[in-house]
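The values are calculated or read from the model by the stated rules, or taken from the named source; none is laboratory data. It should be emphasised that the depicted structure is a prediction, and the values quoted were computed from it without experimental measurement. Virtual Cβ from ideal backbone geometry, glycine too; neighbours counted across all protein chains shown. Just so you know, the surface numbers come from the protein's heavy atoms only, side chains and all, with ligands and any DNA or RNA stripped out. Shrake-Rupley method; radii C 1.70, N 1.55, O 1.52, S 1.80 Å.
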Amino acid sequence: MQALVIVGHGSHLNPGSSDPAFTHADTIRASGAFDEVREAFWKEEPSFREVLRTLESEEVYVVPLFISEGYFTEQVIPRELRLGDWDPGNWDSDGTDADHVTLRATDVDKTIHYCGPVGTHDSMSDVIVQRAKSVTGDPDVGDGFGLAVVGHGTERNENSAKAIYYHADRIRDSGRFEEVNALFMDEDPEVDDVTEFFDAEDVVVVPLFVADGFHTQEDIPEDMGLTDDYRTGYDVPAEVDGHRIWYSGAVGTEPLVADVVLERAADAGADVGDAVERV
């Protein structure tokens, strides 16, 4: 038997924070790729600490529903799952290429395949493009459009920005969009000045966040000038300084993220059959 555990942050303040984890878990559960599928959270139940005890499977694939490699993926999750012999160096990553490591949980008789976060997987670039398609309603979107990939950014964790730049660079190299830039909430270049970074009249803005919450629903729309008050709503596209801004909301709510979770597990050796293609 093999099990999948999707681990997310969760929130006591934002009830929608855990929605993507439950939604993607339901999609994968319906695919039949795993004998068991569980969700676990840092700030909600079921908790990281207890989730392995709820499984009958001896082979467990743990996929963090996080954007970047950092404090939670390198310290909190391994500690709470009690992964013996874990060390961040096991991933041998420069901040964007963590793959997986196989360990034993110290208090349960199970083999744990601990995967890198979904946010740094190569397939997430495709999910960002899919968000651009969804918000514009144009499956061929790209020609004449700019794309802004937006992250939180923080001086405390350099890897937070690395993931954003990584996907912006990959999409830029594909040549699909006229311009592609990485922007941030809490470091330069800032999303507040989004129109200053693009010549294209049409700009799709995709926040590389797991869930829609205060930042994606309130802060970013107001910072970009889409609205003076998020409670009054805003148009999509919205006219800002001579540009049309197509704001998509959090990338983690895109259904294709379930595919990225499956690919993470498959990369670690999970037998998922044709579930990736079907999802």
Task: Calculated on alpha-carbon atoms, Rg and Dmax of segment 122-253 in Å - done: 13.3, 38
- [ ] State to the nearest 20 debye the size of the charge dipole of the chain about its Cα centre, where the only charges are +1 on K and R beta carbons and -1 on D and E beta carbons.
- [x] 1060 debye
Open item on the list: Largest first, please: the extent of the C-alpha atoms of the chain along each principal axis, to the nearest Å.
Closed with: 61, 36, 35
Task: C-alpha center-to-center spacing [segment 213-268, segment 10-34] in angstrom - done: 18 Å
- [ ] Obtain the nm distance between the two label points defined at residue 45 and residue 278 by a simple spin-label model: each point lies 7 Å from its Cα along the Cα-to-C-beta direction.
- [x] 3.2 nm
Task: Virtual spin-label span in nm between residue 236 and residue 172, 7 Å along Cα→Cβ - done: 2.6 nm
TODO: Please provide three numbers in whole Å: the alpha-carbon extents of segment 183-247 along the principal axes, with the largest listed first.
DONE: 29, 27, 18
TODO: Quick one: which residues, 5+ away or cross-chain, put their amide H under 5 Å from the amide H of residue 147? H built at 1.01 Å from N.
DONE: 179, 180, 181, 204
Task: Extreme residue, positive dipole direction of the chain, given options 120, 167, 206 (C-beta unit charges) - done: 120
Open item on the list: In segment 1-107, if the dipole is taken from +1 on Lys/Arg beta carbons and -1 on Asp/Glu beta carbons about the Cα centre, which of 84, 13, 95 is farthest to the positive end?
Closed with: 13
TODO: Rank by packing, highest mean first: peptides 35-45, 60-70, 102-112, with packing defined as the count of other Cβ atoms within 10 Å averaged across residues.
DONE: 60-70, 35-45, 102-112
TODO: Kindly report the accessible area of segment 1-150 per residue (heavy atoms of protein chains, probe 1.4 Å, no ligands, DNA or RNA), in Å².
DONE: 40 Å²
